[in-house]
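The next block holds one structure in the form of structure tokens; read it before the comments.
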Amino acid sequence: MSTNIVWHEASISKAERREKNKHHSFILWFTGLSASGKSSIANAVAQKLFEQGNQSFVLDGDNIRHGLNKNLGFDEESRKENIRRIGEVSKLFVESGQIVLTAFISPYKEDRNVVRALVEEGEFVEVYVQCSVEECERRDPKGLYNKARNGEIPNFTGISAPYEAPDNPELVVDSENFSVEECTEQIIKFLTEKNYI
């Protein structure tokens, strides 16, 4: 890292942006196994937020790997770098006064805690999308579990690589027993009650 760089303060503060947007800015960090419903729920929540006039954007794991993180693999070090980059991008969204919804497996507690530490208290809402590996494997919309079982995909979370469930997330949605719509309503209710929106 270069030592010849200096942080330049923005002319518009986070507080001013929040005031103009009429809502808090924060990260809604969706974590869970592949096929647990993270992206579906995150996009449904984003749609509701948009309909209510909130400024929001979804960062999706697969989509990010098409551009910003296309040079990363799925070994442990690459996964850590993937989450570090997303954390930094998410922080920029928070500074811009927006709600950023991130849908990433993000299997390691330590990496999620690194992102939490990047922002201020109340700016990181961890949403654990709880779904058993058996149900995720049954769904398998992309055929990834089948490939992982056949040895075609190494380091596949839940099969040949670990997933560390959050110890104390702000919110748990049970996508195995509740629909995308029901999980979405639960999240919107939580955000409303906490005065985030």
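The values are calculated or read from the model by the stated rules, or taken from the named source; none is laboratory data. Given the structure is predicted, the values throughout are model-derived calculations rather than measurements. Counting neighbours? That spans all protein chains shown, and the Cβs are built from the backbone with ideal geometry, glycine included. Surface areas here come from the heavy atoms of the whole protein model, side chains and all, with no ligands, DNA or RNA. Shrake-Rupley method; radii C 1.70, N 1.55, O 1.52, S 1.80 Å.
State yes or no: is residue 128 aromatic (Phe, Trp, Tyr), in contact with an Asp or Glu (Cβ under 8 Å, 6 or more places away or on another chain), farther than 19 Å from residue 80 by Cβ and surrounded by 17 or more Cβ atoms within 10 Å (Cβ to Cβ)? So residue 128 fails the test. The set of residues in the stretch 173-195 being closer than 19 Å to residue 99 by Cα, assigned to a helix (DSSP H, G or I) and either over 18 Å from the mean Cα position of the chain (by Cα) or not aromatic (Phe, Trp, Tyr) (or both) consists of 183, 184, 185, 186, 187, 188, 189, 191, 192, 193. Residue pairs whose Cβ atoms lie under 6 Å apart, separated by 6 or more positions or on different chains, with the first residue in the stretch 122-145 and farther than 15 Å from residue 37 by Cβ and the second of a type outside the set (Asp, Glu) and assigned to a helix (DSSP H, G or I), are 123/94; 124/116.
Listed by position, the helices (runs of 4 or more DSSP H) contained in the stretch 28-126 that have at least 2 residues being farther than 23 Å from residue 175 by Cα are 76-95, 109-118. Taking the criterion of being touching a residue at least 60 places away in the same chain (Cβ under 8 Å), polar (S, T, N, Q) and not in a helix (DSSP H, G or I), the only residue of the stretch 1-27 that qualifies is 25.
Screening the stretch 165-190 for residues that are hydrophobic (A, V, I, L, M, F, W, C) and closer than 22 Å to residue 133 by Cβ and picking the one that is most open to solvent (accessible area, probe 1.4 Å) gives 178. Considering the stretch 154-163, the residues that are in contact (Cβ under 8 Å) with a residue 24 or more places away in the chain and assigned to a loop (DSSP other than H, G, I, E, B) include one that is surrounded by the most Cβ atoms within 10 Å (Cβ to Cβ), namely 158.
Which of the residues belonging to the stretch 1-15 are open to solvent by less than 100 Å² (accessible area, probe 1.4 Å) and within 27 Å of the chain's Cα centre (by Cα)? Steps first, please.
Just the residues of the stretch 1-15 that are open to solvent by less than 100 Å² (accessible area, probe 1.4 Å), to begin with: 2, 10, 12-15.
10, 12, 13, 14, 15 - these are the residues of the stretch 1-15 that are open to solvent by less than 100 Å² (accessible area, probe 1.4 Å) and within 27 Å of the chain's Cα centre (by Cα).
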